[in-house]
1. If I take every Cα pair under 8 Å that is 6 or more residues apart in the chain, average their sequence separation and divide by the length, what percent do I get for the relative contact order?
2. How much FRET efficiency would the formula 1/(1 + (r/R0)^6) give for residue 183 and residue 292, where r is the Cβ-Cβ distance and R0 is 41 Å, rounded to 0.05?
3. What shape does the range 236-318 have by the C-alpha gyration tensor, where a ≥ b ≥ c are the square roots of the eigenvalues, rounded means a/c under 1.5, and otherwise prolate means a/b greater than b/c and oblate the rest?
4. Taking the simple approach of a point 7 Å from Cα along Cα-to-Cβ for both residue 71 and residue 262, what is their distance in nm?
5. R0 = 30 Å: FRET efficiency of residue 269 with residue 148, Cβ-based, nearest 0.05?
6. If you take the square roots of the eigenvalues of the alpha-carbon gyration tensor of the range 127-265 and sort them as a ≥ b ≥ c, do you get rounded (a/c under 1.5), prolate (a/b over b/c) or oblate?
7. Out of all DSSP beta bridges with both ends in the chain, state the antiparallel percent to the nearest 5.
8. Using alpha carbons only, how many degrees (0 to 90, rounded to 10) separate the axis of helix 29-42 from the longest principal axis of the chain?
């Protein structure tokens with residue numbers, strides 16, 4: 001019989017003992033109670049895959065589908081909950097906010113209604129919150145600003161109204177902020193510019209007002225921002241030359257607003273600017289020659305403005321489509 005090398009044997013024993021420890025650890029009662037409350041509220045589409053009373057698995061029963069558990073001390077705790085695209089109907093399950101060790105909560109593409117409860121602020125370890133493609137309503141709760149570990153916030157394609165809470169600026173790790181396709185009003189809080197890690201801000205298709213100048217009024221704002229989507233709102237005023245200070249910007253989408261004035265030549269000096277959508281505003285004048293010599297600029301859409309005759313677009317224009325997979329990690 002072939003001998004197993006000592007190192008390989010040690011590895012096998014390690015994983016075997018780890019699995020035994022995981023199986024024999026008890027799941028924290030708090031999490032068991034919370035998940036069973038959620039199970040009772042979500043309906044048959046989820047329940048059929050959630051067998052047994054222990055969401056982390058019990059004996060021969062596996063963990064519930066979409067539930068990820070980890071060992072913390074002497075207990076198993078729920079660290080991820082992913083229940084999406086299963087037509088969940090009803091209010092946001094408040095019991096979720098008792099899962100204090102959650103790092104990922106993904107309930108996207110369901111039919112959840114009502115508000116996000118203010119208790120959401122209890123999930124201090126949460127890194128990814130994905131609630132897009134639901135029917136959630138009312139204001140975005142300011143308590144989201146208490147989720148200090150949050151890196152990805154997806155609230156798009158809902159019915160949120162009211163203003164964007166400035167408390168979102170309290171999320172130091174935030175990288176992706178998706179707010180498009182809601183009914184948000186008021187101005188985008190300029191405090192968001194203090195987010196040192198924010199790469200992607202999409203507030204398109206809302207009822208937002210204000211100017212770009214107000215948004216970037218803080219010195220050194222948006223240092224990491226790559227994609228800025230403000231399309232289909234009610235922004236006015238011009239494009240300030242200071243926007244060129246956002247040196248990491250790659251996509252600037254300003255289509256279908258009420259903006260006016262000339263296009264500053266400084267904008268053409270943003271090093272990696274790749275997509276520039278200015279269409280369906282009230283811009284005038286000419287496009288500086290520097291845009292036509294930009295080494296990265298692939299698309300510049302300008303129709304529906306008052307530019308001088310002879311001003312030409314750049315590239316072949318189509319709607320930008322970016323999938324969830326590009327941002328969910």
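Every read-out reported here was derived from the displayed coordinates using simple, explicitly stated rules and does not represent laboratory data. Treat the numbers as computed from the prediction; the structure is a model and nothing was measured. A quick note on method: Cβ atoms are made from the backbone with ideal geometry, for glycine too, and the neighbour counts reach across all protein chains shown.
1. On the way: 795 pairs, mean separation 24.6, N = 329.
Computed over the chain, the figure is 7 percent.
2. Values: r = 39 Å, r/R0 = 0.94.
That gives a FRET efficiency of 0.60.
3. Numbers: a/c = 1.43, a/b = 1.21, b/c = 1.19.
In terms of gyration-tensor shape, rounded.
4. About 6.9 nm separates the two model spin labels.
5. Working: r = 36 Å, r/R0 = 1.19.
Once the sixth-power term is evaluated, E becomes 0.25.
6. Values: a/c = 1.89, a/b = 1.28, b/c = 1.47.
Note, shape of the range 127-265 comes out oblate.
7. Values: 8 of 52 bridges.
Counting DSSP beta bridges with both partners in the chain, the antiparallel share is about 15 percent.
8. 60 degrees
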